[in-house]
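Input: a single structure, listed below in structure tokens.
Coordinate-derived values only; no laboratory data. Worth saying up front: this structure is predicted, and the values here are computed from it rather than measured. Note that we place each Cβ from the backbone using ideal geometry, even for glycine, and neighbour counts take in every protein chain shown.
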Amino acid sequence: MTAPIKFYFDFVSAYSYVAMNNIDQLGARWGREVEWHCVPLPAILAHHEATSPRDQPGKFAHNSKDFPRLCEMNDLPVSFPPEVPPYGASLHRLVFWRLTRKNTGLAKQFALAVDHRYFGTGKEVRTAQQLASACKARKVPVSVKEIQAAASDRKAQKALDDAFDRAVADGMFGAPFVVLDGETFWGADRLDHVEYRLEQAIKVPRGFERFSFDSPFTVRNGPLFVKCGKSKVDFGFRAGTRHLNPRDVVHGGWMTSFVDVAMAQSALYEMGVVGLTPTIHLEADFLAPVLPGQWVQCDSRLVKSTRTMNFVQGMVTADGEPVLRCSGIYRKPRDVKPRIGKIMSPTADVYA
């Protein structure tokens, strides 16, 4: 069983606001659970004898522009809070750990609601009433009474203390901080590095390599892998939760997109050329569902090639069992280049 992703954050960390709005989606794309750990960032900084960015005029001036820009890039609302430097967040942390003990999902919703009110709308969240208002605005069922009870919750305090110890042991020195399989990542702008590592960890059958000719669409939904022979190439991918439909099987739209790429590129590979080949017609017969975790592979062949068209047929298997039969018609590229070895991209450096 794969280990969960550890996500360390604090309510006084502006960049945690960005990360907490993305980290669970990242984990879901790769089938990884994400554990949220709220820690007192000031205590972390003190442990390392470090100063807060707000105590460094140059860095604080930079962050004042960088943070809104990062929020904009992530489609998050942002409004500078009325209080700078940030408020103390002792109660917030205790509420989070009190809720985590009861319902981890609710604890996450609480954190998101509080940070949305503070960093998203610029409203104060000092008091229990203000925290409850933040929850109400986001339809998070946490009452004032529940929030007030956290102040004297010894178990919540113990959980917070334990989280601090774990953070120190994991090497945390700033927030947000992510630990993936023992490797650490610092900052909201390093989530793409986390995703890079998750991608590298995908297990593929022997002989398959990463497909380097990716479009933005396949980058978002891939990666795809290829196994190149002398005159034939097989395509594959590892099914993950990011590929699933509401029935928890791989979405048919992604399957047809996958075979579209596989058949088009397989035909060109057999011809010994590279290029861009538009799809004219595509058919797919679904034989069985594909489940998360399965290795999906397309074996296709160029059936006929005319002056302007390629006709291709293929069969897709999941862990060796047939799941989809496909065929396609593709217009031949107008600007073709000879394939050099296993290079399948017409934009590869060798052609520059």
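The Cα center of segment 127-154 and the Cα center of segment 280-332 differ in position by 54 Å. For the pair Val303 and Ala149, a Förster radius of 56 Å applied to the C-beta separation gives a FRET efficiency near 0.20, rounded to the nearest 0.05. For Gly31, the residues 5 or more places off, or on other chains, whose built amide H falls under 5 Å of its own are Thr241, Arg242.
Quick check: net charge around Lys232, other residues with Cβ under 11 Å of its Cβ, Lys/Arg +1 and Asp/Glu -1? Let's see the in-between values first.
Details: positive: Lys227, Lys230, Arg301; negative: Asp234, Glu270, Asp299.
Cβ neighbours under 11 Å give a net charge of 0.
Please order Asp165, Asp153, Asp115, Asp10 by the number of other Cβ within 10 Å, starting at the fewest.
Values: Asp165 10, Asp153 17, Asp115 23, Asp10 26.
Going from least to most buried by this count: Asp165, Asp153, Asp115, Asp10.
From the Kirkwood radius over Cα pairs of segment 209-351, Stokes-Einstein at 20 °C and 1.002 mPa s returns a whole-number translational diffusion coefficient of 140 µm²/s.
Contour minus end-to-end for Gln25 and Lys337, with contour as 0.36 nm per residue of separation and end-to-end as the Cα-Cα distance?
Numbers: separation 312, 0.36 × 312 = 112.32 nm, distance 3.97 nm.
Length gained between Gln25 and Lys337: 108.4 nm.
When the chain is fully extended, how far beyond the present Cα-Cα distance does Asp285 get from Glu33, taking 0.36 nm per residue of separation? Don't jump to the answer; show the numbers that get you there.
Values: separation 252, 0.36 × 252 = 90.72 nm, distance 3.33 nm.
Using 0.36 nm per residue and subtracting the Cα-Cα distance, I get 87.4 nm.
Where only DSSP H runs of four or more residues are counted, the chain gives -11500 deg cm²/dmol as its mean residue ellipticity at 222 nm, each run worth -39500 (n - 2.57). Each label point was placed 7 Å from the Cα along the Cα-to-Cβ direction; for His193 and Phe60 their separation is 2.6 nm. Relative intensity of the chain on a log10 scale, I(q)/I(0) at q = 0.06 Å⁻¹, equals -0.32, per a Debye sum over C-alpha point scatterers of equal strength in the absence of solvent. Here His251, His48, His37 are placed in order of increasing Cβ neighbour count within 10 Å, fewest first, which gives His48, His251, His37. Residue farthest toward the positive end of the dipole of the chain, with Cβ of Lys/Arg at +1 and Asp/Glu at -1: which of Gln25, His251, Ser300? Most positive-ward Cα: Ser300. Taking all C-alpha pairs of segment 262-303, those more than 14 Å from each other amount to 61 percent.
Normalised Debye scattering of segment 1-85 at q = 0.19, 0.22, 0.24 Å⁻¹ gives log10 I(q)/I(0) of -1.00, -1.17, -1.25, counting only Cα atoms as equal scatterers and leaving out solvent. In the chain, a dipole from Cβ-located charges (positive for Lys and Arg, negative for Asp and Glu) runs towards its positive end, and of Pro322, Ala128, Pro223 it is Pro322 whose Cα lies farthest in that direction.
Given +1 at the Cβ of Lys and Arg, -1 at the Cβ of Asp and Glu and no other charges, the dipole of the chain around its Cα centre is 640 debye to the nearest 20. For segment 5-200, the relative contact order is 31 percent, taking Cα pairs closer than 8 Å that sit 6 or more residues apart in sequence and dividing their mean separation by the residue count. For segment 230-295, applying the loop criterion from DSSP together with a ceiling of 16 other beta carbons within 10 Å to the trypsin sites (Lys or Arg not before Pro) yields Lys230, Lys232, Arg247. Centre-to-centre separation between the Cα atoms of segment 176-212 and those of segment 248-266: 23 Å. Note on Arg210 and Gln129: the extension gain reaches 23.9 nm, defined as 0.36 nm multiplied by sequence separation minus the Cα-Cα distance.
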